[in-house]
Amino acid sequence: FKAPSTDHPALYRDLLRTNRVHWIAEEPPAELVRDKMMECHFRFRHQMALVPCVLTLNQDGSVWVTLVKPARAITPGQFAVFYKGDECLGSGKILRMGPSVYTMQQGKKREEGPKKEEIDKIEPAT
């Protein structure tokens, strides 16, 4: 799939899954174990700005990463690196991604169904 532009909604995602995370200080952080979820920040490219996210711990040690706002051009095989303040918590390889913003928009359009005007064209009111 080639998107028509560099900022096309198909390039943006707000959900991804890593493999088992390598935690640096504690394995995994106590807050994540206790609450099964934890707010932190993440990046997947060295120079990029940190993105606020929520981690959800899976039983196999992998995490789902839900981004506060969709990020562009996340790719399986890249590493998601997690931070709390200035501290690097750990990292995991990105295995899977949720649907793109574009896919979500298409789904919303389908759920809404045809507009009233369109229905009137099909079935004239009697």
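The values are calculated or read from the model by the stated rules, or taken from the named source; none is laboratory data. Keep in mind the model is a prediction, meaning the values are calculated, not measured. Cβ sites come from the backbone with ideal geometry, for glycine too, and all protein chains shown count toward neighbours. Note: areas computed on protein heavy atoms with side chains; ligands, DNA, RNA excluded. Shrake-Rupley method; radii C 1.70, N 1.55, O 1.52, S 1.80 Å.
Quick notes
- Qualifying position, being modelled with pLDDT of 90 or more and not basic (Lys, Arg), among Ala49, Ala10: Ala49
- Of all residue pairs spaced 6 or more apart or on separate chains, those with beta-carbon atoms under 9 Å, a first member in the range 25-47 that is free of Cβ contacts under 8 Å to residues at least 12 places away in the same chain and charged (D, E, K, R) and a second member that is assigned to a strand (DSSP E or B) and open to solvent by 50 Å² or more (accessible area, probe 1.4 Å) are Glu31/Met37; Glu31/Glu39; Glu31/Lys84.
- Val63 being open to solvent by 80 Å² or more (accessible area, probe 1.4 Å), modelled with pLDDT of 90 or more, under 12 Å from the mean Cα position of the chain (by Cα) and not hydroxyl-bearing (Ser, Thr, Tyr): no
- Test: Arg20 is more than 11 Å from the chain's Cα centre (by Cα), over 28 Å from Asp7 (Cα atoms) and open to solvent by 80 Å² or more (accessible area, probe 1.4 Å): yes
- Scan of the range 100-115 for residues that are open to solvent by 60 Å² or more (accessible area, probe 1.4 Å) and either closer than 30 Å to Glu26 by Cβ or touching an Asp or Glu at 6+ places or on another chain (Cβ under 9 Å) (or both), ordered by number: Met104
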